[in-house]
Structure formats: C-alpha cells, structure tokens
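No value in this document is a laboratory result; all are computed from the given coordinates. As the structure is a computational prediction, the values presented were derived from the model and not from experiment.
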Amino acid sequence: MISKKPILVTGSHRSGTTWVGRMIAQSPSVGYIHEPFNLNHYPGICGAKFDYWFPYISKKNESNFYENIRKTINFSYNLIGELKAIRSPKDLLHLVRDFNNFLFYRLSHVRPLIKDPIAVFSAEWLASKFNMDVIVLIRHPAAFANSLKRKNWTHPFSHFLEQPLLMKYHLHPFEAEIRKYAEKEHSVVDQAILLWRLIHHMIIKYKKNHEDWIFLRHEDISRNPVDSFQILFERLNLKFSKHILVKIKKYSNSANPSEAIANGDSLRRDSKSNIFNWKRSLTRSEIENIRFKVEDISRLFYSDEDW
C-alpha cells in the first residue's frame, strides 16, 4: 500500500516538468523521483526495464512493469539492481545519494512525486493504478521545436511502431507519418513537429476524459510563477510556505538568464523572457513551417496572438 497520494508531473519533454516538479518538491511533504521511465534511468530508482522511449503501459501489458513501479512509488530502492550496474565511482555516488534519499522519504512518509515526461503515454494507467494527482505540462510548439533544435535531440520514431498497443489505441491516425520518419531521418525541427503533434494528440484525449487532472501551459506559469505555484499547491493540498516562495522567485526572476547556461544551474531562468526565445532563434520559414504543420492540434491550446 502507498501511504500518501502520489503526484505525477508529465507532459511533453522540454515543457518545464523539471522546474515544476522541483518547485513542488520544495515542500517537506513531497519526495522527488526523477524520470523512472527514461531509458537511461538508474536501476536503483526503478527496476523496470523499458525498451522504448515513451513506453505505453495499459492493463494489457502491466504485468511486465507493475511491481517495479509500485516499489519506486513506495521509495523501495532497488539496491541489488544498482550494484550490478555500477561501472564507475560516479555511479557509486549516485547509489549512495539515491539510496539515502529513498530511505529518508520512506521514513518521513512523504508523498512521492514522479517527474517524467517520458511517461506521458502511460499517464492514464499510472493515475488509475496508483490513484495519482496528475499535472500535465503543455508548451508552445515553436518553443518546443526550438528547444530540441538547440539540444540537437533527435528521436527514433520506430519506437512508436514497435509498440502495437500504443499504435492501435492512440497513434493509428499518424501511422503513415511515423513510418515515413522511421524509415528516413528528418531535420530536428521536423521531428519536433511530429513529436509535438503525437504528444498533444494524447493530451487532448486526457483533457476530455480527466477533468480532475491539472493542465498547465508553460507560458502561463512562466508569466506569473508565484501565483501559479500557489494555486498549484492549493490544488495538491500542500502548504505554500515562505521558504517555497523564496525558491520560486529565485528560480524565475528577471536577474536569471533567459536560457540555460552551460555548466550553470539549468533551472534558473528569467521565466518571462524565456517564453519567446523561439522568436529570436528560429527563422521565419521555420516558424511558418511549424505553425502550418501543427495548426490542427495547436489551435486547441494556442491562439493567433500566441504566434
């Protein structure tokens, strides 16, 4: 049994999930768990093995994952799994840190918070199976594309095709496009466009079916972080203390850079300035291309004024 109601922070990657998750985890009543669905996660955090980016879990395949994810949510550290995976002194340091964090969280009986955009297609199963409060982050498609372009992050689209349940129940309208992108590599911006459409197609379904979930646009919380987080804490039944207020201001005020600095604190941003970085970084033709290709989905989240 899970003693406190878990929290899931998900949505598209590069949409502020780490920022939101870390700020909520400033509460002493919350324990932070970082991306157990990530293919590169430490096995001590979660013993489940995922073969694909954006894995899809449902009742039809949950037996492969349930027990390990339950242990993660219960802060039960997979010590043996992590010991087997150690390859360097850095790995050992991670083991010590994560083991101690999980032990402290478990003894403190805090609420587990899973921050994981890679779990976005499994959010419905997670919420149902573990009675989770769900926060879904949404970000402007041009900002998303710009962020992936800056990182030069590509995606193996075959990972969607190799998940027949995901394709059958959710992504079948995009099958031809996904196959095209799996067979031939496209530019990072074009890949970002398709990824944004797939993820937000799923988010539209969630919005229709889960009125109790919290849906947040990255831009809205960035414009007014203090009020936005205060409302968020109230909805999660968490105390909003002076300490948390100071942290939120520290990580979002105008003295911070508008974009992440190499080797710096990647969470510290001028949140308002960060909203429209894409207008300065993307070319006019890239922006027009993005808007044209996402318009059928983006118009449900963003108006003409947002472009």
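If you take the square roots of the eigenvalues of the alpha-carbon gyration tensor of region 1-138 and sort them as a ≥ b ≥ c, do you get rounded (a/c under 1.5), prolate (a/b over b/c) or oblate?
rounded
Of the candidates Ser58, Ser273, Ser187, which one comes out as most mobile in a Gaussian network treatment of the chain with C-alpha springs shorter than 10 Å?
The residue with the greatest mean-square fluctuation here is Ser187.
How many percent of the alpha carbon pairs in the chain exceed a separation of 26 Å? Walk me through the intermediate numbers first.
On the way: 22162 of 46971 pairs.
Result: 47 percent of Cα pairs exceed 26 Å.
Beyond 20 Å between alpha-carbons counts as too far, so tell me which of Lys49/Lys149; Lys59/Lys168; Lys149/Lys207; Lys4/Lys239; Lys49/Lys84 fall in that bin.
Lys49/Lys149; Lys149/Lys207
Relative contact order for region 95-236 using alpha-carbon pairs under 8 Å, separation at least 6, rounded to a whole percent?
33 percent
Which whole-number percentage describes the relative contact order of the chain, with Cα contacts under 8 Å and a sequence gap of 6 or more? Numbers along the way, then the final one.
Numbers: 427 pairs, mean separation 71.3, N = 307.
Computed value for the chain: 23 percent relative contact order.
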